Amino acid sequence: YLDSNGHGTHLAGIIAGFERGTDTRLKGIAYRSQIVNVKVGSYDGSVDVSQVIAGIDWVVQHKNDNGMNIRVLNLSYGTDSLQDPSIDPLSFAVEQAWKSGIVVVVAAGNDGPDVPLTNPASNPFVIAVGATAIQGDRRVGNDRVASFSSCGVGRTVDIVAPGKSIESLRVENSLSDVLYPSARVDHTIGSDTFSLFRGTGSSQAAAVVSGAAALIIDQRPD
């Protein structure tokens, strides 16, 4: 059950991370909400699409087991598909999740603005999320669509959210940690030093939107 890649833990921190104490080190968008981890990827992030479909199906079948009450499914994942979304198996799987009452939030992809969305963001029943990046200083309103973010052709993103240099949980010695040592960010509070990790992509933006969706559903369950 270890996250040897680091990607999933980083996103979980964005969605729901919370550290108790006088000095809060990390607060996710919907901090202290419950994360259900459905692991399908290997240490290098690779995964067969059939495993993703199986994971989505598991969530649909077990969403109400043991009081889990799964209402939001984050898929910071995408793949190319030559099939129309109406007949593609992965696209069908996320649509079934939506029909079961789950909000499905999917990363749009990181291939630039003028390319089609990756699958399953191309399905019209999911929330397809692109990424923004701060331009210049960090004043409100200084964010724009990031140059790397896919925006779609025909079927476009539904929303954009912060997705560049987002600080969240770091998994020490994970593949991400080893490959991108410059992304580690050390913080000091009093005599205590700890490390977070800066991640960039529509994956991080999708995590922000997943947290926001959880907050809205918590306020308005129906």
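Could you pull out every residue, at least 5 positions away or on a different chain, whose amide H is within less than 5 Å of the one on R170? Hs are placed 1.01 Å off N in the peptide plane, and Pro or chain starts have none.
Close amide H contacts, sequence-distant or interchain: F197.
Among bridges DSSP assigns within segment 5-144, what percent are antiparallel (round to 5)?
DSSP beta bridges in segment 5-144 are roughly 35 percent antiparallel.
In a solvent-free Debye calculation with one equal scatterer on each Cα, what is log10 I(q)/I(0) for segment 83-150 at q = 0.12, 0.13, 0.20, 0.28 Å⁻¹, listed in the order of the q values?
These q points yield log10 I(q)/I(0) values of -0.39, -0.44, -0.79, -1.12.
Amide H to amide H, which residues 5 or more places from S81 or on other chains are under 5 Å from it, using H placed in the peptide plane?
N119
Just to be sure I understand the curve: with the Debye formula and one point per C-alpha of segment 18-125, what is log10 I(q)/I(0) at q = 0.19, 0.24 Å⁻¹?
Debye output, listed in q order: -1.04, -1.37.
In Å, what Kirkwood hydrodynamic radius results for segment 65-222 from the alpha-carbon pair distances?
So the Kirkwood estimate lands at 16.9 Å.
Compute the acute angle (0 to 90°) between the alpha-carbon long axis of helix 202-219 and the principal axis of greatest extent of the alpha-carbon atoms of the chain; round to the nearest 10°.
The angle comes out near 80 degrees.
By how many degrees, between 0 and 90 and to the nearest 10, does the Cα long axis of helix 89-99 differ from the longest principal axis of the chain?
80
With everything on Cα atoms, drop me the angle between helix 49-62 and the longest principal axis of the chain, reported from 0 to 90° to the nearest 10.
90
In a GNM of the chain with a 10 Å cut-off on Cα contacts, which of G163, G199, G67 has the highest mean-square fluctuation?
With Cα springs under 10 Å in the chain, the top fluctuation among G163, G199, G67 is at G67.
When DSSP assigns beta bridges and you keep just the ones with both residues in segment 108-196, what percent turn out antiparallel, to the nearest 5?
So the antiparallel bridges in segment 108-196 amount to around 70 percent.
Among 200-209, 124-133, 47-56, how do they line up from the highest to the lowest mean number of other beta-carbon atoms within 10 Å?
200-209, 124-133, 47-56
Would you kindly state how much longer the chain becomes between S165 and Q96 on full extension, computed as 0.36 nm times their sequence separation minus their alpha carbon distance, in nm to one decimal?
Details: separation 69, 0.36 × 69 = 24.84 nm, distance 3.31 nm.
Here the segment from S165 to Q96 would lengthen by 21.5 nm.
If each Cα of segment 129-222 is one equal point scatterer, what is log10 of I(q)/I(0) from the Debye formula at q = 0.13, 0.19, 0.24 Å⁻¹?
Evaluating at q = 0.13, 0.19, 0.24 Å⁻¹ gives log10 I(q)/I(0) of -0.59, -1.02, -1.17.
Could you tell me what percent of the accessible area of the chain is made up of carbon and sulfur, with a 1.4 Å probe and every protein chain present?
51
Quick one: among L11, L179, L169, which has the greatest mean-square fluctuation in a GNM of the chain with alpha-carbon springs under 10 angstrom?
Judging by the Gaussian network model, the answer is L179.
Please list F18, F194, F92 from largest to smallest accessible area, probe radius 1.4 Å, with all protein chains kept in place.
Values: F18 60, F194 30, F92 115 Å².
Ranked list, largest accessible area first: F92, F18, F194.
May I ask you to rank R170, R220, R198 by accessible area, largest first, using a 1.4 Å probe over the protein chains only?
R220, R198, R170
The values are calculated or read from the model by the stated rules, or taken from the named source; none is laboratory data. All figures in this text were calculated on a predicted structure; none of them were measured in a lab. Backbone-built Cβ (ideal geometry, glycine too); neighbour counts: all protein chains shown. Please note that ligands, DNA and RNA were not included when accessible areas were found on the heavy atoms of the full protein model with its side chains. Shrake-Rupley method; radii C 1.70, N 1.55, O 1.52, S 1.80 Å.
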